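Student: Sharing a structure, written as structure tokens. Questions coming.
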Amino acid sequence: MLSKILEVAELNIQVAGKPLIDRLSFTIYTNTLLCITGDNGVGKTTLINHLLKAAKSKQEHQSHINFNTSFEAIQVIPQFRNIDDDYPLSIQNFVTLNLIKQWRPWLTSLEKEKLSKILSLVNLTAIKNRPLGEASGGEKQRAYLAQALIAHPKLLILDESTSNLDRESRINLLHLVKTIINQENIAVIFITHDPELVKLFGDVELHISNRHGVMTKLR
Amino acid sequence: MFTYSFMQYAFIASFFISIICAIMGVFVVARKTAFYTHTLSEISFSGASFAIFAGISPITGMLLFTITSSIFVSLTGRNMNQRESSVSVFSAIFIGLGVLFLSLSNKQSSYATNILFGSIVGISRANVTELLILIATILCITGIMFRKLKYISFDTIGAQYNAKNTAWISSLFLILVACTVSVTAQIVGSLLIFSLLTIPASSAKYLAHSVHSMMLLSFVFALFGTWMGLYLSYITNWPVSFFITFIEGIIYGLALAYAKIPNSSNNR
Ligand SMILES: Nc1ncnc2c1ncn2[C@@H]1O[C@H](COP(=O)(O)OP(=O)(O)OP(=O)(O)O)[C@@H](O)[C@H]1O
Ligand SMILES: [Mg+2]
């Protein structure tokens, strides 16, 4: 059964007084991979920020953006992250940073269980104690994915997570995302510039150009 | 040495100061706010000289000044770049004020050196109690917001997207750092406060890979430095803060060497 996660209707977005996106409408369902494509600067990242702000402030009267989930059930893997080479935390400690529903300073045994399950899902168990700063680009992306998953999202947003990866790692990462979509019945928004990935994995494509979005059903 | 009660107090106080510096220091270093901490030390100097001028206890004056300026700094800019410049403006004004208050009060020179370079061997039982209450309060608040603070500090961008109230937690953290600076000032003096807050944590960063182990290691480094410093100062009569910063500096150098040397032989 598919259920609605997010409905956007006639949304206009302006940046610094200039219109960026006009009358955008689309709907996202569970068990779906929605790809957002479009040239650099058409406003893909801005759209995500906009949606997230609406979810955070929970403006019910803002009828243009309708979430069927709470803000806590949305996880974003941002396009840029400031992890430099001497970033000290190990991969597993980085992943658990997102466990913020509890307050106690140490992990509960339930959380530890969850951590080891997710690490093996993204295939990072063998290097879980390696500092994240020393991990490869692909390993970093899987660590980011694991960090998002540990919060049990209903909607997962990946902003160009594959842009620094080689072809094989990209396909592996998307395979993984696909598996998770089916296992957890979640919806994924995947922003990308890679037409091959859209063709191989996308269920729906939202292409943005000239301030307008066009939805295409791919399968 | 321990037959003197002031030495006992000094050792007890530095034990607890090491705990607070280790915990807050790890966050200060992760958030790259060492510069702000440095500025707070100048502001605390100004607060202490105001306290002398107004006839209140130095720690009250320091808390008053550092907390007020933390609130101002978090109001003026969310963005760290903006903060850097607003912070240096504050810093300059407060040093000026500190000099003014000192010259207005007539006790000047000995008090000034106490504020600037620390007066750990001069603290009383009441000072120690005051210190413990403050430290316990700071630790409780940090404990409650520990997980969010950890997220914001070690994954700033991720937390901005995925956590709520990040701005509030950042501001609260700045205030807690302000309190920590005021507390630590008694032992190393306001000129060198930031050394205890930032050097042990920076050293630990090279050696540990979890937040808890970084804190533990920072604590060990801070405690070793302060206790060793007290002991050496006792036998040589040289200032404590000199020994503390010197020891912490050596630890940092060793940690850096340990982290970099095996790396460079592997990679290149
Ligand atoms: N805060 C801002 N102030 C002014 N202009 C902005 C701001 N944020 C974004 N823009 C502008 O909005 C446009 C869209 O930016 P955005 O980052 O959303 O593009 P994008 O589609 O994600 O591009 P890319 O594929 O390169 O990631 C750009 O022209 C950018 O310059
Ligand atoms: Mg973008």
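The values are calculated or read from the model by the stated rules, or taken from the named source; none is laboratory data. Only a predicted model underlies this, so the values are computations on that prediction, with no experimental measurement involved. Positions of Cβ are generated from backbone atoms using ideal geometry, with glycine treated the same way; all protein chains shown enter the neighbour counts. These area figures cover heavy atoms from the full protein model, side chains too; ligands, DNA and RNA do not enter into them. Shrake-Rupley method; radii C 1.70, N 1.55, O 1.52, S 1.80 Å.
Student: Can you name the number of the only condition in (1) more than 26 Å from B:Met1 (Cα to Cα); (2) crowded, with 16+ Cβ neighbours inside 10 Å that B:Leu254 fails?
Tutor: Result: B:Leu254 fails condition (2) only.
Student: Only one of (1) on the phi > 0 side of the Ramachandran plot; (2) open to solvent by less than 10 Å² (accessible area, probe 1.4 Å) is not met by A:Leu124, so which one is it?
Tutor: If we test A:Leu124 against (1) on the phi > 0 side of the Ramachandran plot; (2) open to solvent by less than 10 Å² (accessible area, probe 1.4 Å), just (1) comes out false.
Student: Say we look at the range A:25-44 and pick out the residues that are open to solvent by less than 60 Å² (accessible area, probe 1.4 Å), more than 16 Å from ligand 2 (Cβ to nearest atom) and assigned to a strand (DSSP E or B); which of these is nearest to A:Lys199 (Cα to Cα)? Even if it seems obvious, please write down each step before you answer.
Tutor: Keep residues of the range A:25-44 that are open to solvent by less than 60 Å² (accessible area, probe 1.4 Å), which gives A:25-28, A:30-38, A:42-44.
From what's left, more than 16 Å from ligand 2 (Cβ to nearest atom): A:25-28, A:30-33.
Then drop every residue that is not assigned to a strand (DSSP E or B), which leaves A:25-28, A:32-33.
Values: A:Ser25: 22, A:Phe26: 19, A:Thr27: 20, A:Ile28: 18, A:Thr32: 14, A:Leu33: 11 Å.
Restricting to residues being open to solvent by less than 60 Å² (accessible area, probe 1.4 Å), more than 16 Å from ligand 2 (Cβ to nearest atom) and assigned to a strand (DSSP E or B), the top hit is A:Leu33.
Student: Among (1) within 16 Å of ligand 1 (Cβ to nearest atom); (2) of a type outside the set (Val, Ile, Thr); (3) within 14 Å of chain B (Cβ to nearest Cβ); (4) open to solvent by 10 Å² or more (accessible area, probe 1.4 Å), which single condition is A:Lys18 missing?
Tutor: Among (1) within 16 Å of ligand 1 (Cβ to nearest atom); (2) of a type outside the set (Val, Ile, Thr); (3) within 14 Å of chain B (Cβ to nearest Cβ); (4) open to solvent by 10 Å² or more (accessible area, probe 1.4 Å), A:Lys18 violates only (3).
Student: Open to solvent by 10 Å² or more (accessible area, probe 1.4 Å), away from ligand 2 (no atom under 16 Å from the Cβ) and within 14 Å of chain B (Cβ to nearest Cβ): does that describe A:Glu7?
Tutor: No, not satisfied.
Student: Within the range B:113-123, can one find any residue that is aliphatic (A, V, I, L, M), open to solvent by less than 10 Å² (accessible area, probe 1.4 Å) and closer than 19 Å to B:Glu248 by Cα?
Tutor: For the range B:113-123, residues aliphatic (A, V, I, L, M), open to solvent by less than 10 Å² (accessible area, probe 1.4 Å) and closer than 19 Å to B:Glu248 by Cα: present.
Student: Within the range A:157-211, how many residues are in contact with a strand residue (DSSP E or B) (Cβ under 9 Å, 6 or more places away or on another chain), closer than 22 Å to A:Glu72 by Cα and of a type outside the set (Asp, Glu)?
Tutor: Within the range A:157-211, residues that are in contact with a strand residue (DSSP E or B) (Cβ under 9 Å, 6 or more places away or on another chain), closer than 22 Å to A:Glu72 by Cα and of a type outside the set (Asp, Glu) number 13.
Student: Under 7 Å between Cβ atoms, at least 6 apart or on separate chains: pull out the pairs that start in the range A:42-55 with a residue that is within 16 Å of A:Glu7 (Cβ to Cβ) and end on any residue that is more than 12 Å from ligand 1 (Cβ to nearest atom) and assigned to a helix (DSSP H, G or I).
Tutor: Short answer, once both residue conditions are applied: A:Leu52/B:Tyr161; A:Ala55/A:Phe71.
Student: Then there is this: Which of the following residues is in contact with a Cys (Cβ under 8 Å, 6 or more places away or on another chain) and either closer than 30 Å to A:Leu97 by Cα or touching a residue at least 24 places away in the same chain (Cβ under 8 Å) (or both): B:Thr184, B:Thr142, B:Thr156, B:Thr166?
Tutor: Of the residues listed, the single one that is in contact with a Cys (Cβ under 8 Å, 6 or more places away or on another chain) and either closer than 30 Å to A:Leu97 by Cα or touching a residue at least 24 places away in the same chain (Cβ under 8 Å) (or both) is B:Thr184.
Student: So, restricting to helices (runs of 4 or more DSSP H) that lie completely within the range A:78-189, which ones have at least 2 residues that are among the hydrophobic types (A, V, I, L, M, F, W, C), away from ligand 2 (no atom under 16 Å from the Cβ) and away from every other protein chain (no Cβ under 14 Å)?
Tutor: Working: elements: A:91-95, A:109-121, A:137-149, A:167-184.
Ranges flagged: A:109-121, A:167-184.
Student: Only residues that are within 16 Å of ligand 2 (Cβ to nearest atom) and either in contact (Cβ under 8 Å) with a residue 60 or more places away in the chain or within 15 Å of A:Ser209 (Cβ to Cβ) (or both): list them for the range A:10-23, please.
Tutor: Within the range A:10-23, A:Ile13, A:Leu20, A:Ile21 qualify.
Student: Moving to a separate point now. For the structure I just gave you, tell me whether A:Ser109 is touching a Lys or Arg at 6+ places or on another chain (Cβ under 9 Å) and either over 19 Å from B:Ile152 (Cα atoms) or open to solvent by 20 Å² or more (accessible area, probe 1.4 Å) (or both).
Tutor: No.
Student: Right, here's the next one. So, B:Ile199, is that one more than 10 Å from chain A (Cβ to nearest Cβ), within 30 Å of A:Lys128 (Cβ to Cβ) and buried (at least 24 other Cβ atoms within 10 Å of the Cβ) or not?
Tutor: So B:Ile199 fits the description; yes.
Student: May I ask you to list the residues in the range B:154-175 that are within 9 Å of chain A (Cβ to nearest Cβ) and in contact with a Phe, Trp or Tyr (Cβ under 9 Å, 6 or more places away or on another chain)?
Tutor: Hits for the range B:154-175 are B:Phe154, B:Asp155, B:Ile157, B:Gly158, B:Ala159, B:Asn162, B:Ala163, B:Lys164.
Student: While we're on this one: In this structure, is A:Ile74 within 14 Å of another protein chain (Cβ to nearest Cβ), more than 16 Å from ligand 2 (Cβ to nearest atom) and under 30 Å from B:Ala204 (Cα atoms)? It would help to see each step written out before you state the result.
Tutor: Details: within 14 Å of another protein chain (Cβ to nearest Cβ): yes; more than 16 Å from ligand 2 (Cβ to nearest atom): yes; under 30 Å from B:Ala204 (Cα atoms): no.
No, not satisfied.
Student: With the checklist (1) surrounded by fewer than 20 Cβ atoms within 10 Å (Cβ to Cβ); (2) at pLDDT 95 or above in hand, flag the one item A:Val76 doesn't pass.
Tutor: Against the list (1) surrounded by fewer than 20 Cβ atoms within 10 Å (Cβ to Cβ); (2) at pLDDT 95 or above, A:Val76 comes up short only on (1).
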